[in-house]
Amino acid sequence: MGQRNFFDHLHAPSIRRKALHPLTTLGMGIACLTALLVLVLTGLTLFLYYIPDQHEAYERILHITTTLRFGGFVRDLHYVSGNLLVILAALHLVRIFLMGSYKGRRLNWLYGLGLFVLILFGNFTGYLLPWDQISYWAIKVGASLADYFPLLGPWLKAVILGGHDVGPETLLRSFALHAGGVPVLMMVLVSLHLWRVRKDGGLALPPEDDRERLPVRPWLYRAEAMVFFFTLALIVGLTLIFDAPIYERANPSHPPNPAKSPWYFIGFQEMVGYSALFGGVVAPALIGLFMVLAPFADRSRSAAGRWFAPDRRGWNLLFILLLLSQLVFLVLGQWFRGKNWALIWPF
Ligand code: HEM
């Protein structure tokens with residue numbers, strides 16, 4: 001092998017042929033990395049023009065969107081890659097679970113869960129920054145939902161708000177967390193996550209897939225490059241379709257009706273609508289515990305890295321049911337709720 005470059009150090013010299021099959025990873029890990037890269041680069045650009053002050057933030061976003069050359073495009077890229085990252089990371093998580101790939105990789109599963117929480121929190125703290133009507137009220141609803149969080153609720157709400165209500169402190173905190181704390185923590189966790197993939201001997205795959213190995217260069221590099229460029233094209237394509245929204249300036253005395261949380265928390269808002277105790281505390285606590293404990297409680301004997309292994313049927317079924325229930329709540333909250341949270345027919 002010739003000179004080793006930076007990327008060579010991140011990979012083992014050879015890889016199992018099966019790891020290259022598109023259905024093994026669905027490319028989701030690299031897709032997450034790509035979205036993260038776009039997010040960081042566009043975030044750094046927006047950082048140069050934004051001011052986290054309640055009298056200036058809205059005008060700054062208008063300036064970036066309308067008068068700055070390519071400003072609207074960069075903002076749209078940031079918005080699309082941030083939201084897409086939630087979906088990509090969720091798909092990555094789903095594939096790991098359904099393949100039982102957390103077996104022998106429990107620590108990395110926990111790092112991954114930490115990353116998922118950070119992705120949600122990063123999106124949430126960014127939501128307020130335009131300081132428009134929708135962002136202001138969504139954060140107000142989101143912060144009140146945080147109050148329900150088992151044990152840590154009131155503390156979490158205080159951390160988000162920096163006071164009793166959404167105000168200048170909340171904006172400053174959101175910015176500090178969004179542009180400082182969350183990205184730094186994310187870089188640390190992503191590094192640990194990738195290092196663990198390498199330390200755990202690459203992807204989890206059944207022993208029979210051990211037989212055929214290929215050199216990483218060029219095979220894995222080609223596959224990774226393809227996923228990278230495909231994700232990039234997807235992000236740019238979506239950016240041409242979806243614009244980052246900006247509504248009228250935040251008005252604390254005029255709540256929209258209904259006031260909705262950001263879409264990734266709306267399933268939670270929907271559940272709280274049925275029962276504050278069950279939907280707000282018990283169900284999220286049980287889901288959280290299930291996600292953290294599943295790799296430790298799963299005693300099935302099948303090898304890791306096999307889709308829908310027969311002896312993991314129970315685990316997969318439970319996981320899919322949880323997932324579907326959350327999707328139903330999300331769809332109901334996002335599209336089927338109108339004024340005063342009444343059920344509506346959106347079509
Ligand atoms: C920013 C978010 C994330 C990034 C950039 C990321 C990146 C990656 C990459 C590049 C891999 C190598 C294999 C692959 O592409 O699937 C991987 C594997 C893995 N990830 Fe993630 N990941 C993220 C989030 C998560 C989440 C949310 C979880 C689950 C809770 C998770 C759990 C794992 C596990 C257990 C492996 C090892 C899988 C195996 O051996 O087959 N990751 N991740």
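General remarks:
- Qualifying residue in region 60-82 (condition: within 12 Å of the ligand (Cβ to nearest atom) and buried (at least 20 other Cβ atoms within 10 Å of the Cβ)): yes
- A count restricted to region 220-250 and to residues that are more than 13 Å from the ligand (Cβ to nearest atom), more than 30 Å from residue 135 (Cα to Cα) and surrounded by 16 or more Cβ atoms within 10 Å (Cβ to Cβ) stands at 0.
- Filter pass, residue 306 being touching a strand residue (DSSP E or B) at 6+ places or on another chain (Cβ under 9 Å) and crowded, with 16+ Cβ neighbours inside 10 Å: no
- Residue ID - nearest to residue 140 (Cα to Cα), chosen from residues in region 258-306 that are among the hydroxyl-bearing types (Ser, Thr, Tyr) and outside any helix (DSSP H, G or I): 261
Here's the yes/no breakdown for (1) loosely packed, with under 13 Cβ neighbours inside 10 Å; (2) closer than 30 Å to residue 18 by Cα; (3) among the polar types (S, T, N, Q); (4) modelled with pLDDT under 95:
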site: 310; (1), (2), (3), (4): yes, yes, no, no
site: 316; (1), (2), (3), (4): no, yes, yes, no
site: 327; (1), (2), (3), (4): yes, no, no, no
site: 333; (1), (2), (3), (4): no, no, no, no
site: 344; (1), (2), (3), (4): yes, no, no, no
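- Test: residue in region 196-209 that is of a type in the set (A, V, I, L, M, F, W, C) and under 30 Å from residue 149 (Cβ atoms): no
So that you can scan it fast, the table gives a plain yes or no per residue for (1) surrounded by fewer than 21 Cβ atoms within 10 Å (Cβ to Cβ); (2) free of Cβ contacts under 8 Å to residues at least 40 places away in the same chain; (3) more than 27 Å from residue 241 (Cα to Cα); (4) basic (Lys, Arg):
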position: 87; (1), (2), (3), (4): yes, yes, no, no
position: 105; (1), (2), (3), (4): no, no, yes, yes
position: 114; (1), (2), (3), (4): yes, no, yes, no
position: 117; (1), (2), (3), (4): yes, yes, yes, no
position: 130; (1), (2), (3), (4): no, no, no, no
position: 138; (1), (2), (3), (4): no, no, no, no
position: 144; (1), (2), (3), (4): yes, yes, yes, no
position: 150; (1), (2), (3), (4): yes, no, yes, no
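- Residue within region 260-274 that is under 23 Å from residue 333 (Cα atoms), more than 16 Å from the ligand (Cβ to nearest atom), free of Cβ contacts under 8 Å to residues at least 40 places away in the same chain and not aliphatic (A, V, I, L, M) present: yes
- Checking every residue in region 204-214 against the condition of being in a helix (DSSP H, G or I), in contact with a Gly (Cβ under 9 Å, 6 or more places away or on another chain) and at pLDDT 95 or above gives zero matches.
- Residue in region 166-178 that is touching a residue at least 12 places away in the same chain (Cβ under 8 Å) and of a type in the set (Phe, Trp, Tyr) present: yes
- Pairs, first part of a helix (DSSP H, G or I) in region 188-202, second of a type in the set (Gly, Ala, Ser) and within 7 Å of the ligand (Cβ to nearest atom), C-beta under 9 Å, six or more apart: 189/112; 193/29; 193/112; 194/29; 197/29
- Residue count for region 52-68 satisfying the condition of being out of contact with any strand residue (DSSP E or B) (no Cβ under 7 Å at 6 or more places or on another chain) and in a helix (DSSP H, G or I): 9.
- Any hit, region 94-103, residues being more than 9 Å from the ligand (Cβ to nearest atom), among the aliphatic types (A, V, I, L, M) and surrounded by 20 or more Cβ atoms within 10 Å (Cβ to Cβ): no
- Inspection of region 126-144 finds a residue satisfying the criterion of being of a type outside the set (D, E, K, R) and within 16 Å of the ligand (Cβ to nearest atom).
- Among (1) in contact with an Asp or Glu (Cβ under 9 Å, 6 or more places away or on another chain); (2) within 22 Å of residue 238 (Cβ to Cβ); (3) small (Gly, Ala, Ser) - the single one residue 89 does not satisfy: (1)
- Residue match in region 105-117 (condition: within 16 Å of the ligand (Cβ to nearest atom), touching a Phe, Trp or Tyr at 6+ places or on another chain (Cβ under 9 Å) and under 30 Å from residue 239 (Cβ atoms)): yes
The values are calculated or read from the model by the stated rules, or taken from the named source; none is laboratory data. No experiment lies behind these values; they were computed from the predicted model shown. Don't worry about glycine lacking a Cβ; one is built from the backbone with ideal geometry, like all the others, and counts go over all protein chains shown.
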